[in-house]
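Notes follow once the structure below has been shown.
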Amino acid sequence: MIFIGIDVASEKHDIIMIDDYGEIIKEHFTISNDMIGFKRLHTEIKSCMKPMKDIHIGMEETGIYHENLRDFLIYKGYSVYTINPLLTAYARKSSSVRRTKTDKIDCASICLYLMNNVRSLQPYTPSLYYIDELKQITRNYHSKKRLLAKSKSELKRLLHISFPEFKKHFNPLTDWALRLLHNYPVPTKFNGIHTSTIQSKLRCHGDRHHKAIVIKNLAKDSIGKCQYTNVFLIRSCIEDIFHYNSQKKQIKKEITKKMKLFPKLMSIPGVGPINGATILGETGNINRFPNKHAYFAYFGLDPVVHESGKYKLKKSKISKRGSKYLRTAAVSISRVACVVCKDNKFQRKYTKLRESGKHHDSALCAVAKNIVHSIYHLLKHNDTYDDNK
């Protein structure tokens, strides 16, 4: 057999080939991250004169840089293994006490790890195109959500400097407040403005005249800094909030439309379009997980186990060694299932754990484990959720 280790980067890939005795067949060489480089690698592999079934190619699953090469090699018929970078990092550290790290050493570590663990590893199986689409669009949604949260925090910070009184009396993140602050970002902008003009800008429920008077008085006695820079930054921040809100709504609408194809997954209590799409996109091919426990570990919600001699860790934390998107989705689903949805087995389990003295977070993680196991069964057997199982 031949084992090929590839250290992936954005512009180039470092490669080494060894046989099953650990002898180097092809010394370290580099290819460019383009079709010329891919074809050169294919030629080098063919020159070894080995059948496809005896060729095993390993690469780290880092970001997006490995995807084009991975898909090219799979298209050519090779068995490609995408390996967790943590595992190869530990393999590299275990091979030497020195802290030297180079691309040449990295590809050799990948190669040796693949050789030693090939029987326990599963070759990468491409996901269906619509699963990849869900992965891309949900990650984009979560990215916009993070940017939106960051913009909101920045706006609050700027208002604390420029117009702290407004933040104490009103929620600056409501639609009417954002539009008012876009027109009048600092207190001095209200100078000479009649109360009726302010009232006409307030598109909100309640006594708008009273609110206009309060805002006028707050601006008059404000201690905020009314610098031009703050005017520019506040308006820029508000425009970002409107922009990200609009994009988020459009992406959510597209995700909801796509998730109509998966009513079985949506039948699980707490699973909505966003969390459902995240689960499908990040999971990929469910058959790459041998059992529900391996699938649960991929969420990073499994507890850390630490035992040595008579010592045993009593209070364990979750490992967080898995997909952060899946982990967030599972916790979100468990919250909805236990608080919002009524009369389901997850809520009953949560109530029982809380009555026995479990902390809220511990109970949620226990419920999340049951939810993940239910999702695994549903995806594995293409089944519909049954509350009695």
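Just so you know, all these numbers are worked out from the coordinates, no wet-lab data involved. Just so it is clear, the structure is predicted and the values come from calculations on it, not from any experiment. Counting neighbours? That spans all protein chains shown, and the Cβs are built from the backbone with ideal geometry, glycine included.
Annotations
- When the chain is treated as a GNM with alpha-carbon contacts under 10 Å, the residue of Ser332, Ser236, Ser308 showing the greatest mean-square fluctuation is Ser308.
- 3J(HN,Hα) from dihedral phi, the stretch 242-255, Karplus parametrisation 6.51/-1.76/1.60, rounded to Hz, x for glycine, proline: 4, 5, 5, 4, 5, 5, 4, 5, 5, 5, 4, 4, 5, 5
- Taking trypsin sites (Lys or Arg not before Pro) across the stretch 330-384, the ones in a DSSP loop with at most 12 further Cβ atoms lying within 10 angstrom of their Cβ are Lys342.
- Around the amide H of Ile2, modelled in the peptide plane, lie the amide H atoms of Ile55, His56, all under 5 Å away and 5 or more residues distant in sequence or on another chain.
- Note on the stretch 2-124: Rg/Rh from Cα positions, Kirkwood definition for Rh, rounded to two decimals, is 0.92.
- Inter-part distance, the stretch 8-48 to the stretch 150-212, computed on C-alpha centroids, equals 61 Å.
- Largest to smallest principal axis extent of the C-alpha atoms in the chain, angstrom: 86, 53, 49
- Cβ-defined net charge surrounding Arg208, 15 Å radius [Lys, Arg +1; Asp, Glu -1]: +3
- Taking a sphere under 14 Å around the Cβ of Ala294 and counting the other residues whose Cβ falls inside, with K and R at +1 and D and E at -1, yields a net charge of +4.
- Members of Lys101/Lys315; Lys253/Lys324; Lys144/Lys358; Lys144/Lys314; Lys320/Lys380 lying beyond 29 Å, as alpha-carbon distances in this model show: Lys101/Lys315; Lys144/Lys358; Lys144/Lys314
- Candidates Thr197, Thr278, Thr138: whichever shows maximal mean-square fluctuation once the chain is modelled as a Gaussian network with Cα springs under 10 Å: Thr197
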